[in-house]
Amino acid sequence: MKDKFQEIIKKATIDIENVQSFHELNNLKSRFTGKKSEIKDFMKYLSSMTPEERPAFGKMVNDTLEEIGKLLEEAEQRLQENDYEKTIKSSQFDYTMPGRPVLRGGKHPLTLVQEQIEDVMISMGFQVAEGFDIEDDYHNFDALNTPKDHPSRNLADTFYVVKNHDEDLLLRTHTSPAQIRVMEKYKPPIKIISPGRAYRNDKFDPTHSPVFHQCEGLVVDEGISFKDLRDTIDILLKKMFGKGCKSRFRPHFFPFTEPSAEVDVSCFNCAGKGCSTCKNSGWIELFGAGMVHPNVFDMVGIDSEKYTGFAFGCGIDRIAMLKFHIPDIRMLFENDIRFLQQFTFSR
Ligand code: FA5
């Protein structure tokens, strides 16, 4: 009986070694190990064997099946490898060619600057509040103590979305309405910034765009003074531009602050000598600022006898221009990849 098994293994070895396709391999699988295979057929002898003979016979059957199984597995692996090689050889692709580099996107310079401003202000205890791009004229003008005949309300200066007897909706002309919305909702002490877009019918020039970005700041508490405003802006400027940054406060007028000021920083392009970027003044205006007007407190129901506050609004685009030496604001909106790549784009 043992010889018979050996003979089957020998036959299987020859046939399996010569197999050329998966189809042939499947046929050999059923021929040597399937239900109707010669080996399985031997099981019929089992009934005529003594109980002592059966275990040895069973082991022989199992060993033979196992050996043929191994041969079949090896053949299958060999066929798979051949198949893969054939596919590669006949393919149009050159698998040795290096891959195309993937360009990694980065943050826009305006986002980088806005995030830096937020980090500096949060480190000073400010919270970030969100405002709305579309505002009503009450929050953009009235609540900010802006008279009905103020020139900024003019159709030629403000982009109105809806303008009729019942309501005026507009693209906010500054981020200051966010101050009102915060003061309507929260009681002092208040210490917030609110960055976002602002819209004005300004003509494009190197420092003006009809859509630009501002960051509003507002602090309301007992005993807040103009010195707190100066110190806060001073810290922000030093953190953004370094300790040597040259800035100045100029008296100004805003209906919603009293006293009011504008803050300029020395022009990066000409180091203060005068050029087209700074319109030959040597300075670039970055902030409007001042002490919150008592009328504004009255509009939002904050006791102006008890509380004082300061507010400011800075131009994020202009800060980006100064920080990254961008000579024209338009470059921030053109989405030219050669320009944007200079910031954080990398491979
Ligand atoms: C205002 O918008 C006031 N709301 C700022 C303010 C807030 C004053 C709180 C007092 C208290 P102003 O119009 O000066 O102020 O604008 C503030 C800054 O926004 C400017 O200094 C400038 O940096 C930027 N800015 C204004 N208009 C444009 C524009 N068209 N393009 C780019 N930046 C601009």
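Against the list (1) more than 19 Å from GLY313 (Cβ to Cβ); (2) buried (at least 16 other Cβ atoms within 10 Å of the Cβ), the condition ASP137 fails is (1).
Applying the criterion of being open to solvent by 70 Å² or more (accessible area, probe 1.4 Å) and among the charged types (D, E, K, R) to the residues of region 321-335, the residue that is farthest from the ligand (Cβ to nearest atom) is GLU334. A search for C-beta distances below 6 Å between a residue of region 269-287 that is within 14 Å of PRO327 (Cβ to Cβ) and assigned by TED's automatic domain parsing to the domain that holds LEU218 and any residue that is away from the ligand (no atom under 16 Å from the Cβ) and in a strand (DSSP E or B), counting only pairs 6+ apart in sequence or on different chains, returns nothing.
Looking at LEU155, LEU112, can you tell me which residue is touching a strand residue (DSSP E or B) at 6+ places or on another chain (Cβ under 8 Å), more than 16 Å from ALA311 (Cα to Cα) and either assigned to a helix (DSSP H, G or I) or of a type outside the set (Phe, Trp, Tyr) (or both)?
Numbers: LEU112 fails: touching a strand residue (DSSP E or B) at 6+ places or on another chain (Cβ under 8 Å).
Every option except LEU155 fails the conditions.
If you go through region 259-293 and keep only what is within 10 Å of the ligand (Cβ to nearest atom) and charged (D, E, K, R), you end up with GLU262, ASP264, GLU285.
Residues in region 27-57 that are closer than 14 Å to LYS4 by Cα and part of a helix (DSSP H, G or I): PHE32, GLU38, ILE39, LYS40, ASP41, PHE42, MET43, TYR45, PHE57.
Can you go through ILE117, ILE122 and tell me which one is in the same structural domain as SER194 (by TED's automatic domain parsing), surrounded by 13 or more Cβ atoms within 10 Å (Cβ to Cβ) and not acidic (Asp, Glu)?
Working: ILE122 fails: surrounded by 13 or more Cβ atoms within 10 Å (Cβ to Cβ).
Going through ILE117, ILE122 in turn, just one is in the same structural domain as SER194 (by TED's automatic domain parsing), surrounded by 13 or more Cβ atoms within 10 Å (Cβ to Cβ) and not acidic (Asp, Glu): ILE117.
The residue pairs whose first member lies in region 173-187 and is outside any helix (DSSP H, G or I), whose second member is within 9 Å of the ligand (Cβ to nearest atom) and among the acidic types (Asp, Glu), and whose beta carbons are closer than 7 Å, counting only pairs six or more residues apart or on different chains, are THR175/GLU216; SER176/GLU216.
Hey, among GLU66, GLU85, which residue is among the acidic types (Asp, Glu), in a helix (DSSP H, G or I) and within 26 Å of MET1 (Cβ to Cβ)?
GLU66
Between ARG318, ARG250, ARG230, the distinction of being more than 30 Å from VAL102 (Cα to Cα), part of a helix (DSSP H, G or I), open to solvent by 30 Å² or more (accessible area, probe 1.4 Å) and in contact with a strand residue (DSSP E or B) (Cβ under 6 Å, 6 or more places away or on another chain) belongs to ARG318 only.
The values are calculated or read from the model by the stated rules, or taken from the named source; none is laboratory data. Keep in mind it's a predicted model, so treat the numbers as computed, not measured. So basically every Cβ, Gly included, is an ideal-geometry build from the backbone, and we count neighbours across all protein chains shown. These accessible areas exclude ligands, DNA and RNA; they are computed on the full protein's heavy atoms, side chains included. Shrake-Rupley method; radii C 1.70, N 1.55, O 1.52, S 1.80 Å.
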